[in-house]
Each structure stands twice: as structure tokens, then as C-alpha cells.
Amino acid sequence: AQIRYSIPEELTRGAFVGNIAKDLGTDVAKLAAANLQVLSDSDSQYFSVNVNTGVIMVSERIDREQLCGQNPRCFLHLKLAIENPVEFYRIEVEILDINDNPPEFPSDEVSLRIYELASLGARFPIQPAQDPDVGTNTLQTYHLSANDNFNLNVKARTDGGKFPELVLERALDREFRAFHHLVLTAEDGGSPPQSSKIRITIQVLDANDNHPVFDRPSYGARLVENSPLGTLVVKLNATDVDEGPNGDIRYSLSSHNSAALRQIFAIDEQTGEIRVQGNLDFEEATVYEIEVEAKDMGSPTMEEHCSVVVEITDVNDNAPEVILTSFSSSLSEDALPGTVVAVIHVRDRDSGEQGKVLCHVSPDLPFQLRKDYEHQYSLLTSTRLDREHVAYYNVTVSASDLGNPPLSRHTILPITLTDVNDNAPQFEQASYEVLVAENNPVGSVLVTVSAADPDSEQNSRLSYSILRAGGTDPGLDPTRYLSIHPTSGQVTAKFPFDYEQTTYLQFHVEVSDGGSPALRNRTLVHVFIVDQNDNAPEVHFPRAGEDSAAQFRISPSIVPPALITKVVAIDADSGRNAWLSYHLVEATDLGLFSVALRSGEVRITRALQDTDASAHELLVVVRDAGEPPLSTAVTLVVLVEEKGPEALQGSEARAADGGGLPTITLYLIVSLVLISTVSLVGLAALGVRCL
């Protein structure tokens, strides 16, 4: 079973709470015999039971605020234990609040400092009073003493708390009243009510009610770009009629200014001097508008703003810039005049005349500039180009402005000419004359023809070949006798030459380059075969066998210097190699006969005597003039016999033969003259052709 009692707090010790025997309907004697015990849930033993009467009494002072604080309901719980049989009873005692605590402020006095220009309706909170009672016994309301400027406003929170605020209803005037003394009363709802008071002292502070004033609404200045650091721009002047800190002015750059502007200009906060601390560049900004503020040292501070307009004057401090919009560093040498090589854009960051740019290139170069429109030029070829003459150009484009003094910039454009096959190979000689000794070795180099091509790479790779020359004997095909190396131009012989068969040979050598199409050129090569002494003289008269001798008969009465015979010989060689001489090398009597050195005539030099032999053997040697000389020998037998019929006939025959000798000599002379004439004419024609 559970029993509930209600008692007010702060009851005296021994105060009656309830009769447990009566409320349980049990005899008091039975409770005493059942060994009744009271057990409490709290550490303190606030209650006790008289077992003789069954009455529960207060044994200790009960303070509700200490037990339950601000909790609106407060309970103490007891347990009654009875033996025989064992039974437990729960007793709940509600502690009721009484108005035993007045509201209390944290302090007896509070001070406020309020500026005289505080706005109407401004609220100034006051620390609230605290009342530990609950219900109607706790704090209920505040009361403010009568005054002209402030009203009281009480804010109620959801938890029941009440906070007082002073509300400014009428403007303050420190000059009229510097201090206000108010009394705030806190009152609870008990019966009778309890209250407490707090004195409020309000100090009216002098307000910073005058802002600084500049002597001008705006300032202007003009500076030359690149002005030295520390240059004074302008000095500002602002005044404040307030006194003390409220009239003490500090200058600063407004936060509205950009970070870049703050790096260029600085202001002295004391004097208001604005000076240059960064680089002034007309090309970046022509005008700077500086926002400046002047603040007094009042609290709260008051400020005033003004603007400073700084105009920057341009100077010629920027050289022109040359920008290649389009450029080809490689150009074909056959490009026509007027071909665009580069498109150039020029600019100058300066203004006015200082920003106007003129461009030019050297007149010594085959290039020119054409002005397309303002700030743009085209670099063109002005004449025909020839890579073989100049293969590489460094074209300097000079850009100058019209400043004073002018500034300029030079840009070098490297231009390389690419080759085209516009040059045919050229031989070092228009024609070649070669003297080749006959019997030359096979494969020997007769002549090396050389040609040059001023083109480059593939266009200058040359190839040589042999062609038949016009007017040449069709039977004398030069490729049959000669070959040429296709790259070195060395002409070699396939076979040995024989002067006696071929004395002269001419042919063309053609050279072609590797271009497409290929270009060609020719040169004429004259090959003169030089005779060698490779043929011995050949005796044509008198003819004799290999082992026999020619016989001649003479009369014993022959009269010297009678002609006995004439040795006729021919040499197939030419020139000195064909110049023959006749010599009597051996004879039976060397003093009896003689042989003419050039004509080969054999004559008797003295009259025959009886003591002379009847038969004489002569050895005649025919020798040419070559080096070394070659010779041929012939043996003559001269018989001395008396004239008889047979002898006479032989003499006549010999005479007839002797009569024929001048005809042979004439034939030889005519042949030599004709050969010499043909050779001279050929040499003369060759000389004319060479010239």
C-alpha cells in the first residue's frame, strides 16, 4: 500500500505529518508488537515514527529549495517495514513551497555608460534578480522608478525566467544631464510579496557627433609615368570640430581601392601626404582614382571620404614589339617577286606619336615590306632569288616609333633558300685535247673530264656518258674503244691504239644532273694518237729472199760515180719515226762503193782495177730516226763482168730498173707531202674550232 502526505517546508522539529496506524487501519499495539521500522530513500532522516502512537513527525529542518531546487513538485519517500508477517508500506511526502525567499539581484548597484546619440528604442539589459521559490512565490514582476528617458521592458522566457531591459524612449543629452539615477525593484507573488531593489547609475558619454571634413570634395594631380619612388602626389587636409580623440584625424586608403593601386600609392596617416611607392606605367593605367578616408579617433569613429584623381602622362619608355603572325623560314629559290614570306604585326604600348611604328628592311636585300594596314606589314620578295648566289639570308626587320628620342627594336628573320634544278652542269673546259701514245695499256686513264653543278643535293649529283660526235666516221664508234666512269668522269681505253690504223678520234661526253627533269651539257673531246716507233723500215727495192741477196752486174770499165742501184725502203711510222737513213755497214772493199744517206743510191766511187775482186758483197742498213731507232739490212752482190749479149741484156734490164727509180722516189715524196698537208689542215681546223 502507498500513503501520501503533504506538508509545507520549514516545519519545526516534531511537527505532525500523519498518523500511520489510523491511515493503515491497524491497531497501535499491533504496530508496536510488529517491530515497526521507518526507512528513508535520502541520506538524511527527515522523519520519525512514534510506535506507541503511530504518528509520523518531522525530525529535521526541511528546505524545499535545497532538496528540489526549481522543480515545481518536491517529494520525499519513506518505507515502513512490519514483521510477523513481513509487510512493506510506501509513504510519499510532498513538500510544499512557502514564500521564504525574496528576489535578489547579483549586486546592489549597476553602472551603465550610454552615448548621448544612442538611438531611440535602444535596449540595455539589466542582470535579472533570482528567486529560488517556485510557483506564485517566485519572481513575478519588476518596477522602474520614474524618469524622463527610459522605460522598462520585461522579457519572459519559455522557462518562466524574466529579464528586465531599459528602453531609451527619449534622446539623451549629456550637456543637459550627464548622469541618470534609477531604481529597479524586483517583486515576487507571495503573500505577502517580497522584493529587492538595485540602483542603476547611467553615465551619458559625449558622442562623436561631428565627422571630419575635407577642405575639398575631390583632389587632382598629374604625374609622369616612371616617377621616382617617394614622389609627392598630393597632401590632403581634413578637420574635425570635435575635441580630444573625437577630433584627432587619421588618413588611410579606402578598402574600395584595388590591391594593385595600394601597391602603387601610399598615404601618411598623420599628415595625409600621398606618395608614389610603386611603378607608374601609362600603358597599364592612364588615370588612377584613389579613394581616401579620414577617420577621427572617437568611439565609435566617424569618417569622411574623398577621391584623388591622378592623371599619368606618357613618356616614350616602350620600344616597339614585332610579332610574327606568319613566317616561313624556308623559301624556294624560284619564288616569284612579290611572294609573301612573313606577316608581321607591330605594336607600341606608348600613346600618341610615341605609339606610331614604322618598319623597314635593308634595301640591299631582295626583300621589301608592304604595309597592309595599321600595325601590320608583309615581308615580300622584291627580285628573283638565286640560291647558288646567296643561299641564306638574315633579314633584319627594324621597327622604330616616332618618340623623341625614338626607340627601336630589331628582329632577325633567318630565311633559307631551297634548291630547284635551275642550273645545267658546266664543264671546266669547252673541249678537251688529249695526246695518247699508241700501244697504250688497256684501262689506262686517257683524260678526266670534270663538270660542276651549283645546285645542291640531288640536283648536283652528276653522271657522265660518252656519245658519238657529229661528222665522225660511223665505223669509229668511241664506245668501242673507250669507257667513262659515270661519277668520276675518267675516260679509259678498252684497247691499245694503233697509230697506223687510227690517228685521231673525237667524241662527246654528256653530263646530266639528278634533278627532275634532268639538265644536261656536253663537251667535245679530241683524242690525238701519237705515233710510236713500233715499225722497222721495210725494203721495197731491191727485193731479195730471206737467205739470198740481190745481185747486180757492172762492167769493168764503169766510170765513177756511176749509179749501180738504189735501195728503196718505207717505214709505216710517221714523222721522225719515218725519217730513214741508209748506211753501208760492210763491203768487200769499203772504199770502192758508197751509199747516199737519204736517197739510198749505191754508186761506185773509183775506177775498177785489175786487182779488184770480181764480186763484191755490200751490207746496206736502213735506219729510222725513232727513239730507239729501228733498222733493216739488205745484202747486195755486185758482179764485175765483161759485156756480152747476156750481160748487155742484164745491163739494160738493170738500166731499165734504174730508170724506174726516179718514179718511185717521186711517189714517196708526193705521199709525204699529201700526208703532211692533211695533218696541217686537220690541226688548223681543230685550232679554229677550239678558238
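The mean sequence separation of alpha-carbon pairs under 8 Å and at least six residues apart, normalised by the residue count of the range 281-337, gives a relative contact order of 32 percent. Shown for the chain is the translational diffusion coefficient from the Stokes-Einstein equation, using the Kirkwood radius over Cα pairs, a temperature of 25 °C and a viscosity of 0.890 mPa s: 55 µm²/s. Evaluated with a Cβ-only charge set (Lys, Arg +1; Asp, Glu -1), the chain carries a dipole of roughly 1280 debye about its Cα centre, given to the nearest 20.
Over the chain, accessible surface divided per residue gives 54 Å², non-protein components excluded, 1.4 Å probe.
In this Cβ point-charge picture (+1 for Lys and Arg, -1 for Asp and Glu), the range 426-530 has a dipole of about 180 debye about its Cα centre.
When peptides 449-458, 111-120 are ranked by their average number of other Cβ atoms within 10 Å per residue, the highest-first order is 449-458, 111-120. For the range 538-640, a crude dipole built from +1 on the beta carbon of Lys and Arg and -1 on the beta carbon of Asp and Glu, taken about the Cα centre, is about 380 debye to the nearest 20. Take each peptide in 81-89, 413-421, count the other Cβ atoms within 10 Å of every residue, and average; sorted highest first, the result is 413-421, 81-89. Based on Cα contacts under 8 Å between residues 6+ apart, the chain shows a relative contact order of 6 percent.
Annotation: amide H-H contacts under 5 Å for ASN440 (H modelled 1.01 Å from N, sequence separation of 5 or more, or interchain): PHE497. Karplus-based coupling profile of the range 140-155, in residue order and whole Hz: 10, 7, 10, 9, 10, 5, 5, 7, 9, 10, 10, 10, 9, 10, 10, 9, with θ = phi - 60° in 6.51 cos²θ - 1.76 cosθ + 1.60 and x standing for Gly or Pro. Where the accessible area of the range 538-640 is counted over protein heavy atoms with a 1.4 Å probe, how much of it, in %, is carbon and sulfur? About 50 percent, which is the carbon plus sulfur part of the accessible surface. Here, the range 213-313 is characterised by an Rg to Rh ratio of 1.01, where Rg is the alpha-carbon radius of gyration and Rh the Kirkwood radius. In sequence order, the range 80-95 has phi-based couplings of 9, 10, 10, 9, 6, x, 6, 9, 10, 10, 9, 10, 10, 10, 8, 9 Hz under the Karplus curve 6.51 cos²θ - 1.76 cosθ + 1.60, θ = phi - 60°, and Gly or Pro positions carry x. Computed in the context of the full set of protein chains, the accessible area of the range 93-144 at 1.4 Å probe radius has 51% of its extent on carbon or sulfur. Note on the range 321-418: percent of Cα-Cα distances in each 5 Å bin, starting at 0 and stopping at the bin with the largest distance, equals 3, 13, 24, 24, 15, 10, 6, 4, 1, 0. Report the one residue of ASN533, VAL110, SER145 whose Cα lies farthest in the direction of the positive end of the charge dipole of the chain (charges on C-beta: Lys and Arg +1, Asp and Glu -1; origin at the Cα centre). Sorting the options by dipole projection puts first ASN533. Here, the range 3-96 has an Rg and a Dmax of 13.4, 42 Å when only alpha carbons are counted. Dividing the summed -39500 (n - 2.57) terms of all DSSP H runs of n ≥ 4 by the residue count of the chain sets its mean residue ellipticity at 222 nm at -3000 deg cm²/dmol. Each of the peptides 608-618, 476-486, 343-353 was scored by the mean count of other Cβ atoms within 10 Å over its residues; in descending order, highest first, they stand as 343-353, 476-486, 608-618. Computed from Cα atoms, the angle from the helix 645-690 axis to the main principal axis of the chain rounds to 20 degrees. What a 1.4 Å probe finds exposed on the range 213-313 is 49% carbon and sulfur by accessible area, rounded to a whole percent. Relative to the globular-protein estimate of 2.2 N^0.38 Å, the Cα radius of gyration of the range 538-640 stands at 1.10.
When the chain is described by a simple charge dipole with +1 on each Lys and Arg Cβ and -1 on each Asp and Glu Cβ, the residue from SER431, ILE564, GLY230 located farthest towards its positive end is ILE564. Within the chain, CYS306, CYS359, CYS690 have no other Cys Cβ under 4.7 Å of their Cβ and so lack a disulfide-compatible partner by this rule. In the range 481-557, the alpha-carbon atoms span a convex hull of 138 Å³ per residue.
The values are calculated or read from the model by the stated rules, or taken from the named source; none is laboratory data. Everything numeric in this text was worked out from a predicted model, so none of it was measured. Reconstructed Cβ throughout: ideal geometry from the backbone, glycine too, with neighbour counts over all protein chains shown. The area values use the complete protein model at the heavy-atom level, side chains included, leaving out ligands, DNA and RNA. Shrake-Rupley method; radii C 1.70, N 1.55, O 1.52, S 1.80 Å.
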